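First comes the structure, then the notes that go with it.
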């Protein structure tokens, strides 16, 4: 499922800190099926402010930090189980380590599935100091940047101080190496006809525990975040279809294009009227001057 060769050869930028974008990190022929079978159950709506950033999104764990299997939740499709196996494999650990130039032999991995609806956002932040690197796999067949939901690589804590922006397009994956200047954010989702979906993979230093998820003594998945910061979503949301999402994005883009064309036509019409008025006024002044000369 994961293209390990593409991941290992990812170009890592060094400004304003170490980050990269892996194109076609997931097998394109199969990635759309991850949307078609995107999990619909066992999400928590998580919102709040942790002193550094504000955040609102829905999430469920795929692999809890340090575990060797998927979290004990509603059954996954065969493709999602295969993706979990890829994340747990030594080859993934080696490929990502090669990309960022540092081994992840003893690091602990956690993976969570995120779903972003209207008004979801993630404010500017650095990530916790225990974190080494984060990789985000994007799972939207079509996405228009004016819907928001783009990863923003920032030069500073100011969200308008933008260095680069990454759209959440199916199969691509971003890499962020944590540092004291690794400021980033995700722009608020607004007006999108489909949810923004992603898989967040985080690598922490040895000896840490998950800041978000755990399984109790009965094997039941729970979150350290307490209500109202985290509320279990009771009603499952139907998974979208990749082809329909791509079509929706194309239609939205076309509508925006047509609106711009109409706007340009309106401007041209207004300019034509203004030019006609100017010519009429100039002709009137010329006639008035001629009459004055004869007088």
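The values are calculated or read from the model by the stated rules, or taken from the named source; none is laboratory data. Every value quoted in this text rests on a predicted model; they were computed, and no experiment measured them. Heads up, the Cβs are rebuilt from the backbone with ideal geometry, glycines too, and the neighbour counts pull from every protein chain shown.
Key figures
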{"read-out": "Meets criteria (buried (at least 19 other Cβ atoms within 10 Å of the Cβ), touching a residue at least 40 places away in the same chain (Cβ under 8 Å) and within 30 Å of residue 218 (Cα to Cα)) for residue 96", "value": "no"}
{"read-out": "Restricting the range 32-61 to residues that are over 25 Å from residue 124 (Cα atoms) and in contact with a strand residue (DSSP E or B) (Cβ under 9 Å, 6 or more places away or on another chain), the residue that is surrounded by the most Cβ atoms within 10 Å (Cβ to Cβ)", "value": "34"}
{"read-out": "So residue 111, is it at pLDDT 95 or above and surrounded by 14 or more Cβ atoms within 10 Å (Cβ to Cβ)", "value": "yes"}
{"read-out": "Per-region count, the range 188-200, residues in contact with a strand residue (DSSP E or B) (Cβ under 6 Å, 6 or more places away or on another chain) and surrounded by fewer than 20 Cβ atoms within 10 Å (Cβ to Cβ)", "value": "2"}
{"read-out": "Residues that are part of a loop (DSSP other than H, G, I, E, B) and under 28 Å from residue 4 (Cβ atoms), drawn from the range 28-47", "value": "37, 38, 39"}
{"read-out": "Test: residue in the range 5-18 that is outside any helix (DSSP H, G or I), touching a helix residue (DSSP H, G or I) at 6+ places or on another chain (Cβ under 6 Å) and without any contact (Cβ under 8 Å) to a residue 12 or more places away in the chain", "value": "no"}
{"read-out": "Residue that is part of a helix (DSSP H, G or I), in contact (Cβ under 8 Å) with a residue 12 or more places away in the chain and assigned by TED's automatic domain parsing to the domain that holds residue 179, where the choices are 104, 83", "value": "83"}
